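Single-structure report; data block below.
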Amino acid sequence: MSTSPGRRGRGRLGRVAVVAIAAVGLAACNSDPAAPEFEVIEEAEFAASLNIDLAAMTELPEGVYIQDLVAGTGPGLTDGDIAWVYYELRLRDATPIQNGVLPPYTVPLNGIEGWDIGIEGMMEGGTRVMLIPPELGYGATGNGPIPPGAILHFRIELDSIT
């Protein structure tokens, strides 16, 4: 019995899919069971008090989500600018971690990679919410009250740029 070229093509595609699924399964079996599980922004449940609507936010190519609650005025923040910022940091369940005024700092901050990505282009007088995935935050180690693998929720007010 002969098989048409179309049927053979589908058979090969099916075998490729089976190989791909097997590879994913093997990778999962070889992962470090002691490593913390990273929260995934798109799968996470956020506390209602945070008012998170992913559909209303912009996902940057690196995976940081931003939303300007108040549009600022003037030029956007860029490398080398000096920024005065008020911030609040919470976990996705709204647990408060820190808040305060950052002393004037030169952009980038070089502390949390996701912060530098998410604050870029923000304008003076603006208020922005950022969701930072664990791999661009504190990753597998966490930091003090921030558990390993946690999503960071920042609310930032950019007071001034000099």
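Counting 0.36 nm for each residue step from Glu88 to Asp68 and taking away their Cα separation leaves a gain of 5.7 nm. Note on Asp159 and Ala140: the model spin-label points, each 7 Å out from Cα along the C-beta direction, lie 3.9 nm apart.
Using 1/(1 + (r/R0)^6) with R0 = 30 angstrom and r between the beta carbons of Tyr105 and Asp53, what's the FRET efficiency to the nearest 0.05?
0.50
Here segment 59-73 and segment 112-144 have alpha carbon centers that stand 10 Å from each other.
The trypsin sites (Lys or Arg not before Pro) of segment 53-161 include none that meets both criteria, a DSSP state outside H, G, I, E and B (loop) and at most 12 other C-beta atoms within 10 angstrom of the site's C-beta.
Rounded to whole numbers, the Karplus 3J(HN,Hα) couplings from phi for segment 108-120 are x, 6, 6, x, 10, 3, x, 4, 4, 5, x, 8, 4 Hz, using 6.51 cos²θ - 1.76 cosθ + 1.60 with θ = phi - 60°, and x at Gly and Pro.
Values in this text are rule-based calculations from the coordinates and carry no lab data. Everything numeric here is computed off the predicted structure, so don't read it as measured data. When we count neighbours, we look across all protein chains shown, and the Cβ atoms used for this are built from the backbone with ideal geometry, even at glycine.
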